[in-house]
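> Pasting a structure below so you can have a look.
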Amino acid sequence: QTSDAPFFMIPTAPEGGANNNSPACKIEVPERLTVSHGALVRNGLTDRCICLPVREAVDAEILLVHSEEYLEAVKQTPHMTLEDLKEFTLQYGDVYFHPNIYHCAKLAVGSALQLVDSVLMGKVKNGMALVRPPGHHSMRSAANGFCVFNNVAIAAQYAKQKYGVKRILIVDWDIHHGQGVQYCFEDDPSVLYFSWHRYEHQKFWPNLKDSDYDIVGKGEGAGFNINVPWNKVGMENSDYLSVFCHVLLPIAYEFCPDLVLVCAGFDSAIGDLEGEMCATPDIFAHLTYLLMNLAEGKLCAVLEGGYNLTSLAQSVCQTVQTLLGDPLPPLTNLTGPCRSTLESLQCVRAAHRQHWSCLRHAVDLPTFEISTIRIKSSGEENKDEAEVWEEQKSPEEKIWPEPPKRVSPRVCSAVVLPDGVVCPDACERLSSSEDLGPHLLTLKKDFLKDADDSAVTALSRVFSLIDKMKNNEIRNGLALVGDAAMTMTCVVQHVAAEVDSRVFLVCVGNGNIPGHIIEDGKTLVVQISGEDTEEQGSKYYVPVCLKKGCTDTSGFAQAMFSLLLPLGYQHNPSLVLLVRMPGSGVCDIMWQQLTALLQSFAQGHTLVLLQEDDKACVGPTASILLGNPAPPLGQLPASLKEDAEAVERLRSRLQADWNLLLATAPENG
Ligand SMILES: CC(O)(O)CCCCCNCCCN
Ligand SMILES: [Zn+2]
């Protein structure tokens, strides 16, 4: 079931080999591709991908974004002397031209388009284009920031023109603001551009007022441009995850794109001297995965920046491994977002509240001064003064652990089904001959006093599923049982008995959660239902009451991103237990999206419990457990006022204990 995530290699231009007075770029070097590719080979990832052929873009494709005069000017560069080339670059900012860069820039665009073709024609599920030069700074008539042609912007226009794609999400996780992409689509509601970037109140390159959180797009495009400024360096995994949970994912699901393009720059990773951030390479495994249930998994990642060759190679491997469907690595010590992130979160959510119903309840702009107000109030500082502010000190050398190995168990999904129920393709049925021995006695004694033998047998098989997940023999499991509630209680008790186990129990639908499974602090329970059990809530029991119950997709989705995801990440469980109570009313697609999202945790060790009369749910659930993308929910309407308020009440009650839920800066200084 692994997807063929293709990638490309671009023959690298012999950069700056000429005489030493031609300024060659010191960080955007050929080794970026050879080291990344080498790591993919070493990790056995190239063997699991298909390598798509590369091609040069043709003029018409480049002209989808760039002007004729700019293209004509760049066309002259191969024939220029080094002196002319130097002269040529003076009209642009921070860009280097070499006689061969026009050729490479056409290959970079052409490769991105080959990837878009392969994904949109269904030849591959997703993929990554490893290209140079990068693209997201280049503008209609200007090269900028190492970029000549805007690879991703051209890919988006190409997808719209050739395939009639209606809505495209561009996620730019490079540490620099892709102003070229922003300018290209700022009045275009069919392309939602999201970028986070080092900003430091406009002190960091490219020092643009246009990069701040209040630049939301123009005219028809208002709301379709999201800027998240990092006003401090040293941002960590928690900061990145909280922006995904509280800004990007809710809006992206409301937008419901048909295609996801990623400006995959890895200078936002630890060790990169441009970004000076502290997020570790394994964060890109999660960022990639969280986008893979949009657009039915149609995702094209295109390399932008990334200048520390060690963290670049590790980040590329983490991204490709996720595209291939491997289990996600656990993210440990998520300490929660820093204050500066909370200020940015609050500002971005306030700026977009009027454009996206999922942010309707976001609080207003903070009163205290937090963003570029300082610079704005003293008039636009001229650029070189801003440049002078750039950090003078040379950032110290960072070290970080190798990302953990991500091993796919031999079996992906194992199932426990009553005899009459067919085992879904590619699933492995736990054979009835499974020796019940070790569990039988404890079951009889501890769990099932007067239950009939079939219940005992079913429960012992469910326990076997859990054992196999613990030994990583299987990734996830699904059981169709006579009594989901009773099985759920027994499973929690059984797992909680182990020392270093932590269960994340997600219960969809009404049903009583026995108090004793919550008090030990090892089990975190989120129950989404129509029952108002809010006052029974505690630190480890989160009852989400939706007015219309689980049938309401918007309310459910809002609870998923702003509550369930942050809680799950912070709880960092060893097992996810997803229970569908009878009569929950949740629609299959919502259920599939939830099943998919929960695979972010516990290295994909998810146990799903279905009640026997939900037999029709076995197929759709198994499909997700096997790694297929969940179908789209459709463009989400506003959730009910009561539901949004209920979720906000829960967040404000819980955020003291679970600070990944925070999305606003505390008032006190
Ligand atoms: C693809 C990319 O976003 O990584 C390119 C970054 C260009 C950085 C230019 N720095 C200029 C500093 C001037 N004092
Ligand atoms: Zn960058």
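The values are calculated or read from the model by the stated rules, or taken from the named source; none is laboratory data. The structure presented is a predicted model; accordingly, all values stated were derived computationally and were not measured. Note that we place each Cβ from the backbone using ideal geometry, even for glycine, and neighbour counts take in every protein chain shown.
> Would you pick out the residues in the stretch 229-247 that are buried (at least 24 other Cβ atoms within 10 Å of the Cβ) and among the aliphatic types (A, V, I, L, M)?
MET235, LEU241, VAL243, VAL247
> Could you run through the stretch 639-652 and say how many residues are in contact with an Asp or Glu (Cβ under 9 Å, 6 or more places away or on another chain) and surrounded by fewer than 19 Cβ atoms within 10 Å (Cβ to Cβ)? If you could, list the steps in order and put the result at the bottom.
Of all residues in the stretch 639-652, those in contact with an Asp or Glu (Cβ under 9 Å, 6 or more places away or on another chain) come to 639-640, 643, 646, 649-650.
Narrowing further to those that are surrounded by fewer than 19 Cβ atoms within 10 Å (Cβ to Cβ): 640, 649.
So the count comes out to 2.
> Is it fair to say GLY93 is within 16 Å of ligand 1 (Cβ to nearest atom) and modelled with pLDDT under 95?
Against the criterion (within 16 Å of ligand 1 (Cβ to nearest atom) and modelled with pLDDT under 95), GLY93 qualifies.
> Exactly one condition in (1) modelled with pLDDT of 95 or more; (2) of a type in the set (Gly, Ala, Ser); (3) surrounded by fewer than 18 Cβ atoms within 10 Å (Cβ to Cβ) is not met by SER574; state its number.
Of (1) modelled with pLDDT of 95 or more; (2) of a type in the set (Gly, Ala, Ser); (3) surrounded by fewer than 18 Cβ atoms within 10 Å (Cβ to Cβ), only one is false for SER574: (3).
> Return yes when TYR163 is away from ligand 2 (no atom under 16 Å from the Cβ) and under 30 Å from GLN635 (Cβ atoms) and no when it is not.
Yes; evaluated as a whole, the condition is true for this residue.
> Something else: Can you tell me which condition ASP84 does not meet? The list is (1) crowded, with 21+ Cβ neighbours inside 10 Å; (2) outside any loop (DSSP other than H, G, I, E, B); (3) among the acidic types (Asp, Glu), and all the others hold.
Only one criterion is unmet by ASP84, namely (1).
> Under 6 Å between Cβ atoms, which residue pairs at least 6 apart in sequence (or on different chains) link something in the stretch 638-666 that is more than 20 Å from LYS539 (Cα to Cα) and modelled with pLDDT under 95 with a partner that is in a helix (DSSP H, G or I) and acidic (Asp, Glu)?
What qualifies is ALA665/GLU343.
> Do we have any residue at all in the stretch 578-596 that's under 23 Å from the mean Cα position of the chain (by Cα) and within 20 Å of SER408 (Cα to Cα)?
Taking the stretch 578-596 as the starting set, the residues that turn out to be under 23 Å from the mean Cα position of the chain (by Cα) are 578, 588-596.
From what's left, within 20 Å of SER408 (Cα to Cα): 595-596.
Looking through the stretch 578-596, at least one residue is under 23 Å from the mean Cα position of the chain (by Cα) and within 20 Å of SER408 (Cα to Cα).
> In addition: Across the stretch 99-122, what is the total count of residues that are away from ligand 1 (no atom under 16 Å from the Cβ), touching a helix residue (DSSP H, G or I) at 6+ places or on another chain (Cβ under 8 Å) and over 25 Å from SER195 (Cα atoms)?
Counting residues in the stretch 99-122 that are away from ligand 1 (no atom under 16 Å from the Cβ), touching a helix residue (DSSP H, G or I) at 6+ places or on another chain (Cβ under 8 Å) and over 25 Å from SER195 (Cα atoms) gives 4.
> From GLY627, GLY619, which residue is part of a loop (DSSP other than H, G, I, E, B) and modelled with pLDDT of 95 or more?
GLY627
> Can I ask one more? Select from the stretch 292-312 the residues that are out of contact with any Leu (no Cβ under 8 Å at 6 or more places or on another chain), closer than 27 Å to PRO395 by Cβ and not polar (S, T, N, Q) and write down the one among them that is farthest from ligand 1 (Cβ to nearest atom).
LEU309
> Next up: Assess whether PHE447 counts as being under 13 Å from LEU577 (Cα atoms) and of a type in the set (Phe, Trp, Tyr).
Judged against the criteria, PHE447 is not a match.
> Would you check which residues across the stretch 176-203 are within 13 Å of ligand 1 (Cβ to nearest atom), in a loop (DSSP other than H, G, I, E, B) and under 19 Å from PHE149 (Cα atoms) and list them?
HIS176, HIS177, GLY178
> While we're on this one: Can you run down the residue pairs with Cβ atoms below 9 Å, 6 or more apart or on separate chains, where the first is in the stretch 136-157 and closer than 19 Å to ASP210 by Cα and among the basic types (Lys, Arg) and the partner is within 16 Å of ligand 2 (Cβ to nearest atom) and outside any strand (DSSP E or B)?
The qualifying pairs are ARG140/ASN150; ARG140/GLY180.
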